[in-house]
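To keep things clear, I will list the structure first and then write my remarks on it.
Read the figures in this text as sums done on the coordinates, not as results from a lab. Quantities reported herein were computed from a predicted structural model and do not represent experimental measurements. All Cβ positions, even for glycine, are placed from backbone atoms using ideal geometry, and neighbour counts span all protein chains on display.
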């Protein structure tokens, strides 16, 4: 038993692999074609060889000119055979070989003989072959036969002649037009397909004669057209007539509408559908006209045939764009098509529902679309995108989810048309829905980062150039645009260059948060100027590029980060000129717990920009103007005490704010309503104006409380302040972490705090002191000599003066070589009111360690120069 | 849309997407590699669908394609994007049924290749230069199989003549009912 079974299995394998054309080779087949020349033709064998030749051609094999000619000549010999089957194959291969004009002559007589044959099959095929390979000159010779063939009683022959006529009309219209009478007669044929072919040809002959087409339609719509295909043609022609006559009918019924409506009751589905579609496409179709068409399409929706469902849903989808109400009746049937196995049908159903549905169904439908977006063809994705676009415009509130959907599919694979549809949609949404602008632009930016379509990149960049500057933070888009400048091909770069808007963006880009981007923007601006593209702004650029930047870059960067885009443009003068302060390390236990939810803002800000941000966020201090300087934190408590407090002095033009950074180091306590009571009795020029208590200070979670003083504007008022920490203390259960409801008011003495002259001076260095000194000039120079009394050494004296003035030592002159007897120290700074100050100190030490000092001050304001002397004199 | 319905191509592929017989009527595909690329992506796109009981439909590269599968044969008819889908499916059904008649119901790749001449004649009878010639499967098969009428023809291979005889018989039966 095993043996036959095995054998059968083998047979099966053979079958699977078996092909009569296995191992077929062109050369061998061409050799075989020599049998066509045998005096005794073997029709069976010849048919096989032709089949092999056709197989090769079908598989994409090509014959050289010589090979084709050889085969063609050999094939012509086969007309000698009277074998019908072989003749059929000969006809097919002649058409496939598409012989040249001089070769055609060889077979013309044979084919003409067949055209007049008594055998219908010969006549029909000879006509088709001859008309396919012939040129105009031959056509006049055979015209008589063709005209006869059109009215041949054999429908196959008539159709062959009519279809050939349709092809010939393209090349020899004047000849074919002479056949109208015969064609017209053929339209009345009882054979379905003859009628179809005749109608197609007759219409093509007369298509430029509107009146004739009108007459044709009028007569045929009254009569009976038997062929469904011909009926479909008639519906198309009728639609054309309706379209062209629409302008002439002001009143009442549309001509031929009744005919179209009647076709909805035809027995052939293709006719019903053709008519329904024609009605939906009528210009200005009314809902009354639409209704019967929608009804038949609705029936098709529940057909078992996918093709019918597809055709119906595709048409209804189009109708829904212009007449959504008319389609709502089909919504229930549409809903069931969402789960259709055919993804195309499901997509069309969903997008139709998107057009006809209401806002509440959007999210559900979107979810369903997402599940099969990857399964469907680009064409359908475009349909989906268009639906989503119109949906978004209809329900702008849904823009977030719809925009997200668009951006997600934008990241996926897809062809150009598809991507273009997405981009176009996003662009339209950005334009029409202001809320969607920012997210939309960012999606586009991300897209061009990795966009394979140059056209889209340039379009998006152009669009960014227009829309980018209008956004709240244009600098966001710069990076993307700039990346393209370097990475993209010339077209894209040119696209970027072409737009004047980029200049705006680049200007803004100068203030970008990323200093690399700034640098590049500057560079690029310069390039633009060099190219002469934006000449009028050249001066600005030059100034920016070559003018000296007298502020530390770090500070500039910080200020720019803090800069909130507003009506006011960024003022470079508002950048703090103080060299970055190294904040004292917070004296906190390592491994401190994170701030609990609802707790005070975490940890004290450690840098000047953070200070600025913090202070400007407090309403009481918001009108104090520009923060001039923030001191380093000064400790007001000893290390390892119950409460750790340090203070930062914030100097404004007319105010001083003390920021007390408090840390509660007792786990069993919760401090509430924490304030610092400041006694300013030793600071006569200061008056307290505001105090901002700290609501709650839990264990090991630093918080800030503030006290603000008013002082005379522009005056370097100094004074001593004594501080008392006042708070309500509540016991905390360490196991639960919960505080008791009742607390006790308590106080804690802090150390004194001083505001000194140096607090009004910013440490701002100059790169070349000598140049700066000389450019400042002697106009506001003040020079005097001071005795500093006995000092440890020269270095100590130098440091004391530097600290007293709070200025930036330049060129390393703060370092005093040991055992020096004299030293020169150079200082620079900016005094409150933004006055640049330069100081030259010459120290000398004599025997008993008495230090003498010559102080030379140059500044932009002689009053300030005097102030510096006063500081030193009183220090 | 005033033009005559037209067919862009008719494809008969095997279960791996290889050609059994194809016929292009549109010059949208300028060369063989363009055609093969189209067939390949079309095949991949439709491969997993069930088009065995009813003809299926797909939209693909701005074409409407209707298709039907039987055994290891995949039948496709391609038309323009705005073509009446039901006309295309009529042509597909005509081709599909005619091949069924010509292959005596044993419709698979092997049979199709062994009777490739009939398949090619069948294609030749359905569409001429993109214009539908005939959609009735019986008429198509009848015309394609008519070439054995010349009884005098000496047949070297008995199987082929038998096949054709059966096809004729089948045809006669379906014409009678």
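Tabulated values for the structure
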{"item": "Using a Förster distance of 60 Å, the FRET efficiency for residue B:72-residue A:471 (Cβ separation, nearest 0.05)", "result": "0.50"}
{"item": "Residue A:779 paired with residue B:41, simple spin-label distance in nm, labels 7 Å along Cα-to-beta-carbon", "result": "7.5 nm"}
{"item": "Peptide B:58-69, shielding by other chains (average Cβ, 10 Å cutoff)", "result": "4"}
{"item": "Euclidean distance between Cα centres, region A:151-216 to region A:628-673, Å", "result": "101 Å"}
{"item": "Pairwise FRET efficiency - residue A:796 versus residue A:691, Cβ, R0 = 35 Å, nearest 0.05", "result": "0.35"}
{"item": "Pairwise label distance in nanometres, residue A:442 with residue A:632, each label 7 Å out on the Cα-Cβ vector", "result": "4.0 nm"}
{"item": "Segments A:670-680, A:404-414, A:83-93 sorted - mean Cβ within 10 Å per residue, highest first", "result": "A:83-93, A:670-680, A:404-414"}
{"item": "Residue-averaged beta-carbon neighbours from other chains (10 angstrom radius) around A:89-98", "result": "2"}
{"item": "Alpha-carbon Debye profile of region A:696-830, log10 I(q)/I(0) at 0.14 Å⁻¹", "result": "-0.87"}
{"item": "Average projected area [Cα convex hull, region A:43-169], square nanometres", "result": "7.6 nm²"}
{"item": "Largest-first ellipsoid semi-axes for region A:99-208, taking √(5λ) over the Cα gyration tensor eigenvalues, angstrom", "result": "22, 17, 10"}
{"item": "Radius of gyration, Dmax [region A:760-874; alpha carbons; angstrom]", "result": "13.4, 41"}
{"item": "For region A:829-850 and region B:41-119, distance of Cα centres in Å", "result": "98 Å"}
{"item": "Computed lengthening from residue A:413 to residue A:849, 0.36 nm per intervening residue step minus Cα-Cα distance", "result": "148.7 nm"}
{"item": "Computed FRET value (nearest 0.05) for residue A:341 with residue A:642, which takes r as the C-beta separation and R₀ as 51 Å", "result": "0.10"}
{"item": "Gain on full stretching of the segment that runs from residue A:740 to residue A:117 - 0.36 nm per residue minus C-alpha separation", "result": "212.5 nm"}
{"item": "Rg/Rg_ref, region A:613-755, where Rg_ref = 2.2 N^0.38 Å and atoms are Cα", "result": "1.09"}
{"item": "Residue A:861-residue A:135 pseudo-label distance in nm [points 7 Å out on the Cα-to-Cβ vector]", "result": "9.9 nm"}
{"item": "Average other protein chain Cβ within 10 Å of Cβ, residues A:638-645", "result": "0"}
{"item": "For region B:7-148, convex hull volume per residue from C-alpha positions, Å³", "result": "99 Å³"}
{"item": "Convex hull volume per residue in cubic angstrom - Cα atoms of region A:20-97", "result": "83 Å³"}
{"item": "Spin-label zone in region A:160-175 - amide nitrogen under 15 Å from a point set 7 Å from the Cα of residue A:148 along the C-beta vector", "result": "A:161"}
